[in-house]
1. What residue, of Asp10, Asp5, Asp67, Asp24, is surrounded by fewer than 17 Cβ atoms within 10 Å (Cβ to Cβ), modelled with pLDDT of 90 or more and part of a helix (DSSP H, G or I)?
2. Can you tell me how many residues in the stretch 27-54 are in a helix (DSSP H, G or I) and in contact with an Asp or Glu (Cβ under 8 Å, 6 or more places away or on another chain)?
3. Among the residues of the stretch 18-43, how many are in contact (Cβ under 8 Å) with a residue 40 or more places away in the chain and acidic (Asp, Glu)?
4. Quick check on my filter: what residues within the stretch 44-58 are surrounded by fewer than 19 Cβ atoms within 10 Å (Cβ to Cβ) and in contact (Cβ under 8 Å) with a residue 12 or more places away in the chain?
Amino acid sequence: MYSEDKKLTDLILGEAVVKILDADAPVSFDTLLTELESMLMAERIAERKKAILSAINFIKANLKKSDTSTPGKMNSGREIVFFSRYIPMDIPSE
């Protein structure tokens, strides 16, 4: 079952991604964590603060997974880019 807490955490992650994309920046672990930390400092609603912390923990857990995914190779995962300003957004319609 998809809990209300999980829905709010996903919503927060989406908000952070949109803010990063609006800034014309690539979405990476680093930019996502930075944006979430900024959102956490500005947030006044306790329920949303909890969801932001949950999102931060989710990203950090996935960052750790990428650190250990390639044995013997130095890979922080921080350079992984999910979206980029280089992806064309003006795709012609048919």
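1. Working: Asp5 fails: modelled with pLDDT of 90 or more; Asp67 fails: modelled with pLDDT of 90 or more; Asp24 fails: part of a helix (DSSP H, G or I).
Unique residue meeting the criteria: Asp10.
2. The number of residues fulfilling the criteria is 6.
3. Total meeting the criteria: 2.
4. Residues of the stretch 44-58 surrounded by fewer than 19 Cβ atoms within 10 Å (Cβ to Cβ): 44-50, 53-54, 57-58.
Scanning the stretch 44-58 gives Glu47, Arg48, Lys50, Leu53, Ser54, Phe58.
The values are calculated or read from the model by the stated rules, or taken from the named source; none is laboratory data. Bear in mind that the values here come from a model prediction, so they are computed numbers and not experimental data. We place every Cβ from the backbone using ideal geometry, glycine too, and count neighbours over all the protein chains shown.
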